[in-house]
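What follows is one structure encoded as structure tokens, with my remarks underneath.
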Amino acid sequence: MSTQGTIIKVAGPLVVAKGMKNAKMYEVVRVSKENLIGEVIELHGDNASIQVYEETSGIGPGEPVTLTGETLSVELAPGLLTTFYDGIQRPLKLIEEEARSPFIPRGINVPALSRSTKWEFKATKKSGDAVQEGDVLGTVQETTLIEHRVMVPPHMDGTVKQIESGSFTIEQIVATIETADGVKEVAMLQKWPIRIPRPYARKRRPNEPLVTGMRILDTLFPIARGGAGAIPGPFGAGKTVTQQSLAKFCNAQVIVYIGCGERGNEMTDVLKEFPELQDPNTGEPLMKRTVLIANTSNMPVAAREASVYTGITIAEYYRDMGYDVALMADSTSRWAEAMREMSGRLEEMPGEEGYPAYLGSRTAGFYERAGAVECLGGEDRRGSLSVIGAVSPPGGDFSEPVTQNTLRVTKVFWALDAKLAYKRHYPSINWLQSYSLYVDNLADYYSKEIAEDFVANRTIASGLLQEESKLEEIVRLVGTDALSPREQLTLATAQMIREDFLFQNAFDRVDAYTSLRKQYRMIRAILTFMEAAQEIVEQEDFDFKKLQSLPAKEEIAGMSFWPEEGAEEKFDALEKEIRQQIAALKAGSSNVSVRQQEIAAAA
């Protein structure tokens, strides 16, 4: 069988070769004498269209294309965490050492995982044990935070013939399994094609929140563990900052961060910051539970298309171990642009705005790999994969194809607003445009774990923000004085929700992260103020400015900076103080009203 073809056409990242009748779809090939990595994406008889993941300048017709017989796959084994990869899982540090240059040379071929490092493997099964796909054979302490579970590969079951604990490299055999097809050897290293989702036993209904520490997300627009969400927004609105904050503070156990076609300076910040960050839950370096995939805008366009699949396959692997995994893709618009370029080079019939007609199905296929699942195996493991993708619509136009196709498959929409960003309101998520379809799923969790009235308070707060937007139209026309006292109180309460609850200082150690319990107490304190004030605002000749100048309002403004320790006692005291001050204001107003009646009667 021929394993080599010949290039007949080069068009940017697209290479067409003849003599490829033995090629298969999505097979990895080596292009030209420089051995560039490519992938077969279309077959027409003897000709194959190849998507090349490296720069193709200087390559021309007549050069060879060599088949490898493998699909584009990722290597899965201990050593993934703490590593920086490019879009096709080549470790950047190893490339720099090999090339002796900060630039990635063409055709460089380095292993994704070290073949010489030895890991301490502790067997959890013994000879004679019956095993099935997904069962844990043994564990490796990959980092101080994450225990790596070596599993029986998918589509394999039988009886353990031999297994032993010890120090092994990822390629050494740690177990042999007697199957119906003979004896199979199992090493710590496994490979999985990136375009095929990893199997699981069954999906389950996501009913626990992915706690982010960001108050507008956790309280108003929550996402569930195993959910899919989108963060669309124009340039400068804060997509990257929001995703980095999610990666730092969310309660997932493993983070996979994909920089898909972002600007080099943004990815540089990520590569420099993440190794220095501390995990807020353990105090250990955050990188000990993180995999970073850096694919900047000056890298070949085609590599962007592979990077999201590389990242989500690694994320699925840790999900299958029983971990809660969060994947951040920044930004999926660059991924869609890579598809658009390749579709144009292939001369396919374009869809809306030049994107390929299959944009919707590819987008759905990516986000549908998220989910809370029961893992394969007999140990009753559960894992989850939450996917949060940033979208960069040109000019902030949410009607463009990438945003619309993303909205069809995600259940959380965090709409970033350039106007809020320019006002320095962080996070700049528009509370009128955003939504979450997980609120009902999470209602039981909030009621049992946080407070019975958590969801009710969320509904009231959301309604006040909606009411404020309607009243603002009247205020612009005729001013605040034209509103009734009750409407003025609505505006004042909504302002407290916006400025004292939704606004967060990402650079303040305390304010950057807020627990769910503290978020509940903050909203309750604001609503306590509103409820207590409703009794007096309807009084005749009541001076609304006195309510606005109460000392308790200053306490409410500073509550976001209260440390978590001892916060409950402070909130109890604050609510008591609010009621006392408003009661005193009410008593003072009543005395004035009685005195006015006496004067009127005497006259």
Problem set entry | Most to least packed among 243-249, 21-27 [average Cβ atoms within 10 Å] | 243-249, 21-27
Seminar exercise, completed: 1/(1 + (r/R0)^6) with r = Cβ-Cβ of Glu42 and Glu147, R0 = 41 Å, i.e. FRET efficiency to nearest 0.05, evaluates to 0.45
Exercise. Expressed in nm to one decimal, what extension gain is obtained for the pair Gln548 and Ala573 from 0.36 nm per residue of sequence separation less their Cα-Cα distance?
Worked result: 7.1 nm
Exercise. If you take the charge dipole of the chain about its Cα centre, with +1 on Lys and Arg Cβ and -1 on Asp and Glu Cβ, which of Tyr53, Gly377, Leu416 is farthest toward its positive end?
Worked result: Tyr53
Exercise. Gain in length, Glu472 to Ala557, computed as 0.36 nm per residue apart minus the alpha-carbon separation, to one decimal in nm?
Worked result: 28.4 nm
Exercise. For labels at Asn207 and Thr6 in the simple 7 Å Cα→Cβ model, what's the distance in nm?
Worked result: 6.5
For this session: Set Lys and Arg Cβ to +1 and Asp and Glu Cβ to -1, take the dipole of region 438-500 about its Cα centre, and tell me which of Leu483, Ala461, Ala443 lies farthest positive.
Result: Leu483
For this session: Starting from the Cα gyration tensor of the chain, take the square roots of the eigenvalues, sort them a ≥ b ≥ c, and report rounded, prolate or oblate (rounded when a/c is under 1.5, otherwise prolate if a/b is larger than b/c, else oblate).
Result: prolate
Problem set entry | Computed helical MRE - 222 nm, the chain, DSSP H runs ≥ 4 contributing -39500 (n - 2.57), nearest 500 | -11000 deg cm²/dmol
Exercise. Taking the simple approach of a point 7 Å from Cα along Cα-to-Cβ for both Asn35 and Glu178, what is their distance in nm?
Worked result: 4.2
Exercise. Got the relative contact order for the chain handy, in percent, Cα pairs under 8 Å and 6 or more residues apart?
Worked result: 13
Exercise. Is any helix in the chain, taking whole DSSP H runs, at least 24 angstrom long along its axis by alpha carbon and on average at least 0.0 on the Kyte-Doolittle scale, and which ones?
Worked result: 454-478, 516-537
Seminar exercise, completed: If R0 = 25 Å, then Glu120 and Lys288, at their Cβ-Cβ distance, give a FRET efficiency to the nearest 0.05 of 0.90
Seminar exercise, completed: Under the rule rounded for a/c under 1.5, else prolate if a/b exceeds b/c, else oblate, using alpha carbon gyration tensor axes a ≥ b ≥ c, region 45-152 is classed as oblate
Exercise. By the gyration tensor of its Cα atoms, with a ≥ b ≥ c the square roots of the eigenvalues, what is the shape of region 335-379: rounded for a/c under 1.5, prolate for a/b over b/c, or oblate?
Worked result: prolate
Exercise. When you count, for each residue, the other Cβ atoms within 10 Å and take the mean per peptide, how do 495-507, 320-332, 344-356 rank with the highest first?
Worked result: 320-332, 495-507, 344-356
For this session: Could you rank the peptides 206-217, 512-523 by their average count of other C-beta atoms within 10 Å per residue, with the highest value first?
Result: 206-217, 512-523
Exercise. In the chain, what % of DSSP beta bridges are antiparallel (nearest 5)?
Worked result: 70
Problem set entry | Inter-label distance for Gln534 and Leu437, nm, one decimal - labels placed 7 Å from Cα along Cα-to-Cβ | 3.3
Exercise. How high is the FRET efficiency between Glu171 and Ser101 when r is their beta carbon distance and R₀ equals 22 Å, given to the nearest 0.05?
Worked result: 0.20
For this session: Show which lysines lie in cross-link reach of Lys545 when reach means a straight Cα distance below 24 angstrom and same-chain residues fewer than eight apart are skipped.
Result: Lys470, Lys553, Lys576, Lys586
Seminar exercise, completed: In nanometres, the difference between 0.36 nm per residue of separation and the alpha-carbon distance of Ala456 and Lys191 is 90.6 nm
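Laboratory data are not the source of any read-out in this text; all were calculated from the coordinates shown. Everything numeric here is computed off the predicted structure, so don't read it as measured data. Virtual Cβ from ideal backbone geometry, glycine too; neighbours counted across all protein chains shown.
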